[in-house]
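Undergrad: Here it is: the structure, laid out below.
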Amino acid sequence: MTVLTARALNRAALARQHLLARTDAPALDVIAHLCGLQAQEPQEPFTGLWSRVRDFRPETLDGLLTGREVVRVPLMRRTIHLVTADDALAWRARHDAMLRQRVLTTYRAELAGVDPDELSAAAHAVMADGEPRTLAELVEAVSDRWPEPPRRALGELIVGGVLPTVQLPPRGLWGSRAGVRNATLSGWLGRPIPPLPDDPTDPVGQTLVRRYLAAYGPAASADVRAWCGLAGLPAAVKAVRDELVTFRDERGRELLDLPDAPRPDPDTPAPVRFLPAFDNAILGYHDRSRIIDHDHRLLSVAGERVALVDGRVAATWTLRGPDLVVTPLRPLSRTERTAVTDEGAPLAAFLTGGADSADGEGVTSPKPGGVILEP
């Protein structure tokens, strides 16, 4: 069985994540291909798309959100994801048990006396009028029946577990600091959530596996589970295995992949790319060594924004006023420092409203916004 080096896996992941070269595909198609973008920090998907989509502009994503073509929902790993409306509906029922269980595990003692099915029925009854509500308003509406649990725990079980919800705009719009107002997913989209098929081969899980590999592969079964948070995927993997090709990584793990998916030459040059907080290009794996060193692995769960140099996490970055401040994690060569500045300057301009062009290719000296590259 062919062994794929960490560098080969890196280039494959970058290619599928549109991080080797920006794509001309519409943002909606990119969101679908990526199986969504992690979006617990509402403004971060704009940077994620800017780094992947040529000429991306904020109003494009705003239009998709207000047009109900993409939605902000609790989904993979019980975190907020920005996904297409079609995927939110198709995948919600498959994630239902995991979403409930993760809340109940987190608040085991606090929610010991709460029947999730009874709470689901009560929450659906409250939302039957179609009015959006905050978490506090939802909890208040059912508190007469469940007065003892802490409100935060009860609210998270409602909006993160038993009630399929969507966070409504202006939450998630460009520059917005709006709080969370929840509506039911089916009510917002005007379509019901399909029930899970009564099929032991797990057809929805099969789709998740194929889609994951298209955007993240080659990958191990453990990587698929780490990305979506679903433990019960063996039947789906078994059902699609004959469609797949297999490799080994340098640790000896079996890796699965789609036969015709891109696996570029490991020596393919990788441009500097800036990733937002919690980007799934890093978090979408159990073994993240293809893109981030072991010593820096905790950055990916701490909400640090990172920059890729030669395809790997090599710096963190943040905005300081109009400037992009980059802090290297290792010594950068003069050529690498120039590349970081050349890519970072248009991102600074994009984030501060000063860019004439929406991507980092061919843009020179945009103002306002510059790059401060720390020693």
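Undergrad: So which of G161, G172 is of a type in the set (G, A, S), part of a loop (DSSP other than H, G, I, E, B) and in contact with a strand residue (DSSP E or B) (Cβ under 9 Å, 6 or more places away or on another chain)?
TA: Numbers: G161 fails: part of a loop (DSSP other than H, G, I, E, B).
It is G172.
Undergrad: Report, by residue number, each residue of the range 190-224 that is within 19 Å of V73 (Cα to Cα) and of a type in the set (K, R).
TA: Listed by number, the residues that qualify are R191, R211.
Undergrad: While we're looking at this one, here's another question. Does A215 qualify as being part of a helix (DSSP H, G or I), closer than 26 Å to P164 by Cβ and out of contact with any helix residue (DSSP H, G or I) (no Cβ under 7 Å at 6 or more places or on another chain)?
TA: no
Undergrad: Just the residues that are closer than 22 Å to I292 by Cβ, small (G, A, S) and at pLDDT 95 or above, please, taken from the range 328-375.
TA: Across the range 328-375, the qualifying residues are S333, A339, G344.
Undergrad: Another one. Scanning the range 117-135 for residues that are among the acidic types (D, E) and assigned to a helix (DSSP H, G or I), which turns out surrounded by the most Cβ atoms within 10 Å (Cβ to Cβ)?
TA: The first filter runs over the range 117-135 and keeps only residues among the acidic types (D, E), leaving 117-118, 129, 131.
Applying the additional criterion that residues be assigned to a helix (DSSP H, G or I) yields 117-118, 129.
On the way: D117: 10, E118: 13, D129: 8.
Out of the qualifying residues, it is E118.
Undergrad: Filter the strands (runs of 3 or more DSSP E) completely within the range 252-358 down to those with at least 1 residues that are open to solvent by less than 40 Å² (accessible area, probe 1.4 Å) and of a type in the set (G, A, S).
TA: 305-309, 312-320
Undergrad: Which of the residues spanning the range 258-282 are out of contact with any Ser or Thr (no Cβ under 6 Å at 6 or more places or on another chain) and either under 24 Å from Q43 (Cβ atoms) or of a type in the set (D, E) (or both)?
TA: Answer for the range 258-282, where residues must be out of contact with any Ser or Thr (no Cβ under 6 Å at 6 or more places or on another chain) and either under 24 Å from Q43 (Cβ atoms) or of a type in the set (D, E) (or both): D260, D265, D267, P271, V272, L275, A277, F278, D279, N280, A281.
Undergrad: Of these, A214, A226, A239, which one is surrounded by fewer than 20 Cβ atoms within 10 Å (Cβ to Cβ) and under 22 Å from R102 (Cβ atoms)?
TA: Details: A214 fails: under 22 Å from R102 (Cβ atoms); A239 fails: under 22 Å from R102 (Cβ atoms).
Going through A214, A226, A239 in turn, the sole match is A226.
Undergrad: Taking E148 as the residue in question, decide whether it is surrounded by fewer than 14 Cβ atoms within 10 Å (Cβ to Cβ), over 28 Å from the mean Cα position of the chain (by Cα) and over 27 Å from P194 (Cβ atoms). I'd like the intermediate steps shown before the answer.
TA: On the way: surrounded by fewer than 14 Cβ atoms within 10 Å (Cβ to Cβ): yes; over 28 Å from the mean Cα position of the chain (by Cα): yes; over 27 Å from P194 (Cβ atoms): yes.
Criteria met by E148.
Undergrad: Name the residue that is surrounded by the most Cβ atoms within 10 Å (Cβ to Cβ), counting only residues in the range 169-180 that are without any contact (Cβ under 8 Å) to a residue 60 or more places away in the chain and either β-branched (V, I, T) or touching a helix residue (DSSP H, G or I) at 6+ places or on another chain (Cβ under 9 Å) (or both).
TA: Per the criteria, the residue is V180.
Listed here are the residues, each with its yes/no results for (1) over 30 Å from L196 (Cβ atoms); (2) open to solvent by less than 40 Å² (accessible area, probe 1.4 Å); (3) charged (D, E, K, R); (4) in contact (Cβ under 8 Å) with a residue 12 or more places away in the chain.
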{"residue": "A6", "(1), (2), (3), (4)": "yes, yes, no, yes"}
{"residue": "L19", "(1), (2), (3), (4)": "yes, yes, no, yes"}
{"residue": "Q43", "(1), (2), (3), (4)": "yes, no, no, yes"}
{"residue": "L49", "(1), (2), (3), (4)": "yes, yes, no, yes"}
{"residue": "V53", "(1), (2), (3), (4)": "yes, yes, no, yes"}
{"residue": "L65", "(1), (2), (3), (4)": "no, yes, no, yes"}
{"residue": "V71", "(1), (2), (3), (4)": "no, yes, no, yes"}
{"residue": "T84", "(1), (2), (3), (4)": "no, yes, no, yes"}
{"residue": "R94", "(1), (2), (3), (4)": "no, yes, yes, yes"}
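The values are calculated or read from the model by the stated rules, or taken from the named source; none is laboratory data. Please read all numbers here as calculations on a predicted model, not as lab measurements. Reconstructed Cβ throughout: ideal geometry from the backbone, glycine too, with neighbour counts over all protein chains shown. Areas reflect the complete protein model, heavy atoms only, side chains present, ligands, DNA and RNA absent. Shrake-Rupley method; radii C 1.70, N 1.55, O 1.52, S 1.80 Å.
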